[in-house]
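The structure appears right after this line, and notes come after that.
The values are calculated or read from the model by the stated rules, or taken from the named source; none is laboratory data. Everything numeric in this text was worked out from a predicted model, so none of it was measured. Heads up, the Cβs are rebuilt from the backbone with ideal geometry, glycines too, and the neighbour counts pull from every protein chain shown.
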Amino acid sequence: MTFDLIIAGTGPAGLMTANRASGYGVKTLVLERRNSVTDSLMGELVTDNALRFLGVKPDSEFVGNKYSEIVGESLDTGANIRVGEGLLGNSYLLDEDKCQELMRDRAEANGAEFRYRSRVDSVIKEGNQIVGLRYNGDQEERAGLTVGADGSFSRVFKTAGFTHPKWLLSYGVRWKLENCKNIDPNVAYFYVGRDVGLGYLWLYPRSETEINLGIGRVPSSKVNWDALMPMQSVLKKYKDSHPETKNAKIAAVNAGVVPCAGIIPKFTDAGVALCGNAAGQVSSIVGGGVTTCFHAGTLLAKHAKRIVDENDFSAKSISQYEKEYRKTKLASNIKNTGEGMWAISKYAMFNDPIEAAEIVLSQLDAGTLNSLIQGHAGIGDYMALLTDFLPMVLKIGKGYLRSIAVSGL
């Protein structure tokens, strides 16, 4: 075979796998359906963990900003939580394009090959073994290990025969705005509101004149989704109604889809492994999908090196990646938050999630919120939640219990 490893997709998981695996000497091919690695949407607000996986410093060109305060606020009532100095852990805004190019450049320097405008059609099977990928209709490449890092609608996932009992997707759109006015570059914002729906709108300053304005939304039902203002219209409404952004220029638009129901039941088989969104290895709390995808790609690359060295591409050999992954703390966090997101989506089918969000914003302690955002909440934080949220639980308890019953958790 020409390659040891074929990777479909250049999101954070695919790029990190290529970066690390090629560094181990694994002969790697990466297929990407878009024109470049910077065409895909990668999350940006991260903590120290993401920088460690990338191997970059906070003051490097790959970090666009660092925040001293994060604010969660209601667009409808102004109720808010402020997590500031003394409580906020290190929160950074990645320079998305530079980080993607960094991982690509490292991989290419190690001998990896990238082919763009290469849309994967299906895996190639010989008996029960996956041996490569077909793409662009009539082209194919073979390798001992095939990796599906091709997102929430992964062709590798679908054609290799993987399944999931439930799937919940968050749809997102992001604008990069220039020529903004009077922006405080030290504060990042998250907004909830009736126009937003089940999700949040975010505002991440890059400088005093530049921001990233985006929205992510989860459909609790088709009826609820259809009743909401389109996401780009929500962004326009925010932009036009705030003096800081009213006359700003939209410099770039990007969009993406992220699974948020947790890790799928099985993501390895003979000759194939899934990574990142394709495997459900993302979380809406612990560093979004960026840190968790970097983590998964790093671990998969280590196993790819072992698998190639042993020349053992069996299901048993590749499953060692999955077994080790599931034992990690990040995997446990993803599982827990996925179950929570599933329950919340069911809650929203029968109740008003915006009312619940208003209660949370008015009662949640900033220190506890930061622990959840940073992904290191301990038993003390959960005890605080039980105490502080008692009024909220009493108010929305019936709806929550009904959502749990429907979701089967």
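Miscellaneous remarks
- Pair list, Cβ under 8 Å, 6 or more apart: region 228-240 residue under 17 Å from residue 218 (Cβ atoms), other residue part of a helix (DSSP H, G or I): 229/237
- Sole residue being at pLDDT 95 or above and aromatic (Phe, Trp, Tyr), chosen from 200, 189, 238: 238
- Condition met for residue 246 (at pLDDT 95 or above, touching a helix residue (DSSP H, G or I) at 6+ places or on another chain (Cβ under 9 Å) and over 30 Å from residue 132 (Cβ atoms)): yes
- Remark: residue 323 falls outside the filter, which requires a residue to be at negative phi, at pLDDT 95 or above, outside the structural domain of residue 156 (by TED's automatic domain parsing) and surrounded by fewer than 17 Cβ atoms within 10 Å (Cβ to Cβ).
- Test for residue 47: is it over 21 Å from residue 290 (Cβ atoms) and of a type in the set (Val, Ile, Thr): no
- Residue, modelled with the lowest pLDDT, within region 255-297, restricted to residues that are surrounded by fewer than 24 Cβ atoms within 10 Å (Cβ to Cβ) and over 26 Å from residue 122 (Cα atoms): 285
- Residue 56 being closer than 29 Å to residue 260 by Cα, in contact with a helix residue (DSSP H, G or I) (Cβ under 6 Å, 6 or more places away or on another chain) and not assigned by TED's automatic domain parsing to the domain that holds residue 36: no
- Within region 66-75, if we keep just the residues that are more than 27 Å from residue 98 (Cα to Cα) and not polar (S, T, N, Q), the residue that is surrounded by the fewest Cβ atoms within 10 Å (Cβ to Cβ) turns out to be 75.
- Annotation note: of 159, 146, the sole residue that is surrounded by fewer than 20 Cβ atoms within 10 Å (Cβ to Cβ), closer than 30 Å to residue 316 by Cβ and among the hydroxyl-bearing types (Ser, Thr, Tyr) is 159.
- Only residues that are of a type outside the set (A, V, I, L, M), touching a residue at least 40 places away in the same chain (Cβ under 8 Å) and under 17 Å from residue 97 (Cα atoms) were counted across region 40-65, and they come to 7.
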